[in-house]
There are 4 protein chains.
Amino acid sequence: MKKLIAVSGSDGDDVNLSTHALKVAEKVGYYIAEHQAVLLCGGRTGIMEAASKGAKNNNGLTIGILPFEKSEANDFIDVPIPTGMGNARDYLLINGADAVIGIGGRWGTLNEISFAMCIEKPTIVIKGTGGWADLLSDPKIVKGFEKKPYVVSSAKKAVEMAVKLSE
Amino acid sequence: MKKLIAVSGSDGDDVNLSTHALKVAEKVGYYIAEHQAVLLCGGRTGIMEAASKGAKNNNGLTIGILPFEKSEANDFIDVPIPTGMGNARDYLLINGADAVIGIGGRWGTLNEISFAMCIEKPTIVIKGTGGWADLLSDPKIVKGFEKKPYVVSSAKKAVEMAVKLSE
Amino acid sequence: MKKLIAVSGSDGDDVNLSTHALKVAEKVGYYIAEHQAVLLCGGRTGIMEAASKGAKNNNGLTIGILPFEKSEANDFIDVPIPTGMGNARDYLLINGADAVIGIGGRWGTLNEISFAMCIEKPTIVIKGTGGWADLLSDPKIVKGFEKKPYVVSSAKKAVEMAVKLSE
Amino acid sequence: MKKLIAVSGSDGDDVNLSTHALKVAEKVGYYIAEHQAVLLCGGRTGIMEAASKGAKNNNGLTIGILPFEKSEANDFIDVPIPTGMGNARDYLLINGADAVIGIGGRWGTLNEISFAMCIEKPTIVIKGTGGWADLLSDPKIVKGFEKKPYVVSSAKKAVEMAVKLSE
């Protein structure tokens, strides 16, 4: 059985999505494939597309858990799984994953990361990618909570930790 | 048709759950009933139970969207709806509501609030109740996001706003 | 806590929906209210509307588990719960119920009844109402299966059995 | 993007599961791989395992949509996707598929086939495999319904039709 690593991050319409975050996402996808793991993502644009592209550039397998229709998938998704559940597909993405990597992100990314924390999936955020990944990297913000996401500062470390934590 | 107002907050096992937050939750439940609205919640202990108790003290109707079993419901739930979906019942709670009020809270509450933001349900957090409700009340934390939850400082104002926004 | 009895049957666009089946559904709703139970249904037209009307005529409480929007609810639904899951709301309807009554029906009704059988909810079909309720009443058809739905021939008996089986 | 063909049929604990049905399922899996499509199934034993084995014997890709845990997967599943939704995972299996093939089966299989009919996925049952596949192959049983599943009598024809209908 293959390991499934979920990548969570903004759609392409996020005005705060930086070139750096997209590059990190592409590297994350590349390293997921390098570790023979499967990339699981929301299947759409932005961070999801960058990660999918990275995985395909390294001959990885990409699965997109889509809101409603196959046609929503980006060009680098091998296996599109439409759910008919809209944004609630976030839950399936997280439930299906062995570990979760958060990059940048708005409320949808936060929804995925917070759900991963709830059900105790190994959860890693990449510092420096903006959005909620950066906010959740801030010890002052998460200090009051018993459970905290892991914080790393590179794509390589994020995937290494995700692989290790899903063993 | 009745209005459904969701209350989101920690289970009773949250060590940071304050007496103040529980009192606020009970008042929120009371005012929901006062406005002839239905209280929708996760059906369990802590904030959910306090809100349910408040609604029942004012002859309100309480519905608990439960993870797995009817037996998970607190004593103030009239209509227990087990979902068989575990924590993913959060999504149904928010989808079913006309407006959402967040009180205190850890990752589960954040999961509900972030999902409400995603699908653009009117979302109100009560400042001073601790946890994520307080963090999301902080303009410095949410400044980077286009969509923000409404922030109020009392149970009465939270319910008035929830009722108004669900018209 | 109140008992929840689900009524499953065709939407109003089923060309095979008989006046008899609609009358039976209305009586089922009436008796559900008579037993102080809550009517849970898919919230739409046809059998669902007839059952809801019957329950309201007897001062019952009606909850509609809707595919997407509150606006899909029929006029006799007190508490509309939109799920955002489309037809998959069938699963929530059945999961949430203490017992299920099937009247007439096409593939959607069969989907609800078969799911109820899977998860071993008490399931009753009313013979003489057409569609899958009649097919599943035929001992020749269901003879090969260990689990079979209960078969009754009146609304009154169906509700009495549903109430008894959910004790 | 790859085509996803779902195979629906009993778990290994179905006492009516025939050697013939299992052989048909294995052939169905084999032909799905032959057509470069992905086998989507419930991931467990019986028909699901036989189909997965057939696909792996032909170097296919197999995805198991599981009720709760990865550990539920049979030995021939490449990508296990636990859903946390129990039997309601049936709905995701069908929603994710381009076409559905039903073999034998009890209430769970019927639940999947009836849902496929509801949402108008191309649905094929294989006559001679027992259970609900045979019952739904009987024109006398389904005569009253506008929509009917396709009926074929071999694994090869079932997959050819599934591939054709998902174009």
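Any read-out appearing in this document is the output of simple, stated calculations on the displayed coordinates, not a laboratory observation. Computed from a predicted structure; not experimentally measured. Glycine gets a Cβ as well: all are built from the backbone with ideal geometry, and neighbour counts include every protein chain shown.
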Listed highest first by mean packing, meaning other Cβ atoms within 10 Å per residue, what order do D:117-126, A:2-11 come in? A:2-11, D:117-126
Find the relative contact order for chain B and round it to a whole percent, using C-alpha pairs within less than 8 Å whose residues are 6+ positions apart. 24
Students often forget the sequence filter, so: which lysines lie under 24 Å Cα-Cα from A:Lys56 once same-chain residues fewer than 8 apart are removed? A:Lys2, A:Lys3, A:Lys23, A:Lys27, A:Lys70, A:Lys156, A:Lys157, A:Lys164, D:Lys2, D:Lys3, D:Lys56
Hey, can you list the DSSP H helices of chain C whose Cα span along the axis is 18 Å or longer and whose average Kyte-Doolittle score is at least 0.0? C:19-34
Rounded to the nearest 0.05, what FRET efficiency do D:Glu167 and D:Ser18 have when you use their Cβ-Cβ distance and R0 = 35 Å? 0.65
For the protein assembly as shown, calculated [θ]222 nm from helices alone, where every DSSP H run of n ≥ 4 adds -39500 (n - 2.57): -11500 deg cm²/dmol
Qualifying GluC sites (Glu not before Pro) for segment C:45-86 [loop in DSSP, other Cβ within 10 Å: at most 11]: C:Glu69
Under a point spin-label approximation (7 Å from Cα along Cα-to-Cβ), what is the D:Asn57-B:His35 distance to one decimal in nm? 6.3
Within 10 Å of each Cβ in C:112-121, how many Cβ atoms from other chains are there, averaged over the peptide? 6
Under a Cβ-only charge scheme (Lys and Arg +1, Asp and Glu -1), can you give me the dipole magnitude of segment B:4-165 about the Cα centre, in debye to the nearest 20? 480
